[in-house]
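Data block below; observations after.
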Amino acid sequence: MTATATLSGDAEAGTPRAAGPCFEVYDTEFEAVLGRPVAAVVDAGGVLMYLWRPDRAQVASVGVATDKARTAALYRRPSKDFEDQAAHGRPSALHLAQAVPLQGGVPVVHHGHVIAAVGVSGASSAAEDNELAMLAADAAAAAARASERDARVGHAAVPAAAR
């Protein structure tokens, strides 16, 4: 199975994108293999910018994905770090303000700064939540680099697939 994630948005605007998909995962066997994951994108301050929820996804995944993304943005690290700390003898990691100790939240880093974060919940396992979040965060960072490069050479930002 091959899953491709793309993430785009207007981080400078500071508001959710009203038109066009912000997070898309394409694969013919996707739902059968990974379930129905929900993806949330937050800005660097943890404010929800975009939510992607497939039909028939469990409703609880909306809040969990958002919390994972918020954790990654506010603490500037993957939410998995807190899960690992709690599992390896640091139970105080369970009580940090607004930190969700569940893997699946990954910061989007551009020029060494967290510009957003992605959280995923509802895939068939926690490891798959984390893998999808990492794919999306990597795609978002690549989109930010491409947008910056295009701006330097005077081109409008165009998705890589359209180039």
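Remarks
- Just so you know, in the stretch 74-117 the residues that are in contact with a helix residue (DSSP H, G or I) (Cβ under 7 Å, 6 or more places away or on another chain) and polar (S, T, N, Q) include one that is surrounded by the fewest Cβ atoms within 10 Å (Cβ to Cβ), and it is 98.
- Annotation: of all residues in the stretch 137-153 being hydrophobic (A, V, I, L, M, F, W, C) and without any contact (Cβ under 8 Å) to a residue 60 or more places away in the chain, the one that is farthest from residue 38 (Cα to Cα) is 153.
Here's the yes/no breakdown for (1) among the small types (Gly, Ala, Ser); (2) at pLDDT 95 or above:
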site	(1), (2)
82	no, no
91	no, no
94	no, no
116	yes, yes
133	yes, yes
143	yes, no
154	yes, no
158	no, no
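The values are calculated or read from the model by the stated rules, or taken from the named source; none is laboratory data. Predicted model, so just to flag it, every value in this text is computed and none were measured. No Cβ is skipped: glycine too gets one built from the backbone with ideal geometry, and neighbour counts run over all protein chains shown.
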